[in-house]
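Participant: The structure that follows is given in the form of structure tokens.
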Amino acid sequence: MASTVCGWCGHLTHMTLVAPVVELPNEHTASGHSVFTAAFRCDNEHCHQLSIAQAEMYVSSAPRNQTDLGSRLQQQPDLVWTPSKVSRPEFPDVPQQIADTASEAHACLSIHAYRGAVGLARAVVEATAKDQGISRGPLVQKIDDLHSQGLIRDITRELAHEIREGGNEIAHGDLADELMPSEDANAIVALMDEILEEVYQGPARMMALKKSRLDRQQRNATEKVGAQAASS
């Protein structure tokens, strides 16, 4: 059996092959591999939905045994599953519109829509700057102003410019004939997360810790006064 995060229920589960393995016609790679696909059932007791897995394999043209094909397909390390699990993390300390856009960038990333992910990450950086009162000038200036106001670190400023440049290439159509590497898209969305962490989420956690400490001090002081009053 193969294992994956089921695109229906979202759980890491075993997937059971439930249909013959099929070779897709006209799907051949330069190395002579073919693309094979089959249907699998999620073994999560609360799901049992069907998903499609596919992978490139080299299989001779000799008579093919379905048992062997099924075993080989399930052992492929690069199985591509449909539907894939869509990741939509929440950003509870970020303004709603910015948080929704950041979550959508992650969703694009999880379904391999890399250009969409990068374009949305750029929009998140722009919106974050505007939310901090930085509304004048191009995005490059807004990023520098985030840094000069102490909202992002030196290294984050440098990396934020990479988000800007990546987003610009997409907006201007410079990548129309090129692929957006998955590594680049993942890195850019991770940088977006870091900016949201520094501007919103980190400070929010620190304020929550400070409030908790002050509340605890207030309780201790109240209890101490009560104890003194009881003993007098």
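The values are calculated or read from the model by the stated rules, or taken from the named source; none is laboratory data. Predicted model, so just to flag it, every value in this text is computed and none were measured. Heads up, the Cβs are rebuilt from the backbone with ideal geometry, glycines too, and the neighbour counts pull from every protein chain shown. Keep in mind that these areas ignore ligands, DNA and RNA; they rest on the heavy atoms of the full protein, side chains included. Shrake-Rupley method; radii C 1.70, N 1.55, O 1.52, S 1.80 Å.
Participant: Within the range 115-133, count every residue that is open to solvent by 10 Å² or more (accessible area, probe 1.4 Å), more than 12 Å from L196 (Cβ to Cβ) and among the aliphatic types (A, V, I, L, M).
Facilitator: Looking only at that region, the number is 2.
Participant: Restricting attention to the range 31-62, and to residues there that are over 27 Å from the mean Cα position of the chain (by Cα) and closer than 14 Å to Q75 by Cβ, which single residue is most open to solvent (accessible area, probe 1.4 Å)?
Facilitator: Filtering first and then ranking leaves Y58.
Participant: Mind counting the residues in the range 75-88 that are open to solvent by 50 Å² or more (accessible area, probe 1.4 Å) and over 24 Å from R122 (Cα atoms)?
Facilitator: Count: 5.
Participant: Then there's this: If L146 satisfies all but one of (1) open to solvent by 50 Å² or more (accessible area, probe 1.4 Å); (2) touching a Ser or Thr at 6+ places or on another chain (Cβ under 9 Å), what's the number of the condition it fails?
Facilitator: All conditions are met except number (1).
Participant: Which number in (1) touching a helix residue (DSSP H, G or I) at 6+ places or on another chain (Cβ under 9 Å); (2) assigned to a helix (DSSP H, G or I) marks the one condition that V59 misses?
Facilitator: So V59 meets the others, but not (2).
Participant: Please work out if M57 is touching a Cys at 6+ places or on another chain (Cβ under 8 Å) and more than 30 Å from I163 (Cα to Cα).
Facilitator: no
Quick grid of which residues meet (1) under 30 Å from M15 (Cα atoms); (2) part of a loop (DSSP other than H, G, I, E, B); (3) not hydrophobic (A, V, I, L, M, F, W, C):
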{"position": "L69", "(1), (2), (3)": "yes, no, no"}
{"position": "R88", "(1), (2), (3)": "yes, yes, yes"}
{"position": "V94", "(1), (2), (3)": "no, yes, no"}
{"position": "I98", "(1), (2), (3)": "no, no, no"}
{"position": "T101", "(1), (2), (3)": "no, no, yes"}
{"position": "H106", "(1), (2), (3)": "yes, no, yes"}
{"position": "T128", "(1), (2), (3)": "no, no, yes"}
{"position": "S135", "(1), (2), (3)": "no, yes, yes"}
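Participant: If you scan the range 1-30, which residues turn out to be of a type in the set (A, V, I, L, M), assigned to a strand (DSSP E or B) and either touching a residue at least 40 places away in the same chain (Cβ under 8 Å) or surrounded by 13 or more Cβ atoms within 10 Å (Cβ to Cβ) (or both)?
Facilitator: A2, V5, M15, L17, V22
Participant: A further question follows. Go through (1) open to solvent by 30 Å² or more (accessible area, probe 1.4 Å); (2) within 24 Å of the chain's Cα centre (by Cα); (3) of a type in the set (F, W, Y) for F91 and report which single condition fails.
Facilitator: Going through (1) open to solvent by 30 Å² or more (accessible area, probe 1.4 Å); (2) within 24 Å of the chain's Cα centre (by Cα); (3) of a type in the set (F, W, Y) one by one, F91 breaks only (1).
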